[in-house]
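Written below as structure tokens is the structure these notes are about.
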Amino acid sequence: MLYTSVMIKPSSSNCNLDCKYCFYKVLSSNREEYDMGFMNESKLEETLRNAINSTEKQLIVSFQGGEPTLIGLKYYEKVIEIENRLNTKKIWIQNSIQTNGILINDKWAQFFHNHHFLVGISLDGPQEIHDRYRHDLRNSGTFDRVMKSIECLRKHDVEFNILTVITNESYRHAKKIYNYFKENDFQFIQIIPCIDDDHHEYSITGKQYGQFLCEIFELWYKDFINGTALDIRIFSNYLQMLMGYYPEQCGLLGRCFCGLIIEGNGDVYPCDFYCTDEWKLGNVTTSFEQLMASDQAKRFVESSLTVDSECKECKYYQICRGGCRRYRDQKEALVKNKLCDGYKMFFDQCLDRLIILSKNIRRNMGK
């Protein structure tokens, strides 16, 4: 493979927070084993060797959880040592980590800077919004500690972005969230809607999500015209698609591909949202090429290709493509996206302007 991307969960489902809407906590609870254990050095080396051997040009290694910093800084120092030792082909390796930020201090931040880690920080907005659902194990808010960690990252010049979960509470506060991020100069934002059958108390409806997208788009669009817009991932991906490029956000592809998600014990799964007993591909003891060519991997991809009949007739299908499989999955079948009403609301109000922006960008690129 020319390019390989792996996601490693070195702390498995272990976490130092108790976020009320956490999908991985629910997912892990439905497995035969909730906790796959912390990844030992032997399994780490096996994982990285497999990843490097499967790659000809570029390897992206991301660390998620649970909470991936729980395994400790020495683990990541070992990651760098192993990568440097095994990378005899001199491929390009990019490391990243998605974290709640609670454990980050100067030592962590200096390490991330020295080794060019991209850091994703989970932050849902200003304190009253963030602390609504993002609690520690003592049920205390975490906002102040997250912001202190962000200060550490900035002090050590670490590249970071913000991941924000939109719930049935926070969708009402698009302007407050956007302005807070802008005031704090958070340039790169990823929006994740909380929609899960197991989280009725927190889940957002399609119309609520549509309202949020429309409100935040108006703020973003005004700033885009003025040259001061934040980079909001979903809007950037729509612009890419309208310009004829593939989206980098997998949920916009219209179909699944087989990823390589590595749990703490080395078990491999095709997607972060499908680290389940049903979809286990194997273990890192098997080459990644074999795992991705397996009948199980093919079944996972093929099972994502079902398109709802209403979607096929929708005028927005080419830009929506049915949405992420996670929002179409209903136990035994794939159905219409649970957020469909929201996407239609958003495209009705905003797509024409996205099209104009994409044409202007292409025109300026041609100059």
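The values are calculated or read from the model by the stated rules, or taken from the named source; none is laboratory data. Please read these numbers as outputs of a predicted model, since none were measured by experiment. Glycine also receives a Cβ, built like all others from the backbone with ideal geometry; neighbour counts cover every protein chain displayed. Note: areas computed on protein heavy atoms with side chains; ligands, DNA, RNA excluded. Shrake-Rupley method; radii C 1.70, N 1.55, O 1.52, S 1.80 Å.
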Calculate how many DSSP beta bridges within the chain are antiparallel, expressed in % of all such bridges and rounded to the nearest 5. 20 percent
Once amide H atoms are placed 1.01 Å from N in the peptide plane, what residues at a sequence separation of 5 or more from G37, or on another chain, have their amide H within under 5 Å of its amide H? S13
Residue-normalised accessible area of the chain, given per residue in Å² at a 1.4 Å probe: 47 Å²
Note to self: C-alpha centroids of the stretch 91-113 and the stretch 177-255 sit apart, in Å, by 24 Å
Tell me, what HN-Hα J-couplings in whole Hz come from the Karplus equation 6.51 cos²θ - 1.76 cosθ + 1.60 at θ = phi - 60° for each residue of the stretch 239-253, using x for Gly and Pro? 4, 4, 5, 5, 8, x, 9, 6, x, 8, 8, 4, x, 9, 6
Rough spin-label spacing in nm, given labels placed 7 Å along Cα→Cβ, for K315 and I355: 0.9 nm
Distance in nm between label sites at R85 and D106, each 7 Å beyond Cα in the beta-carbon direction? 3.1 nm
Could you pull out the pairs from K175/K315; K20/K107; K43/K155; K222/K344; K78/K107; K176/K222 whose alpha carbons sit more than 26 Å apart here? K175/K315; K20/K107; K43/K155
Using R₀ = 41 Å, calculate the FRET efficiency as 1/(1 + (r/R₀)^6) where r is the Cβ-Cβ separation of Q330 and R154; round to 0.05. 0.45
Check I162: other-chain or 5+ apart residues with amide H under 5 Å from its amide H, H built from backbone geometry? I121, F188, I189, Q190
Carbon and sulfur atoms account, in whole percent of the 1.4 Å probe accessible area of the chain, for 49 percent
The FRET efficiency for D18 and E278, from their Cβ-Cβ distance with R0 = 30 Å and rounded to 0.05, is 0.70
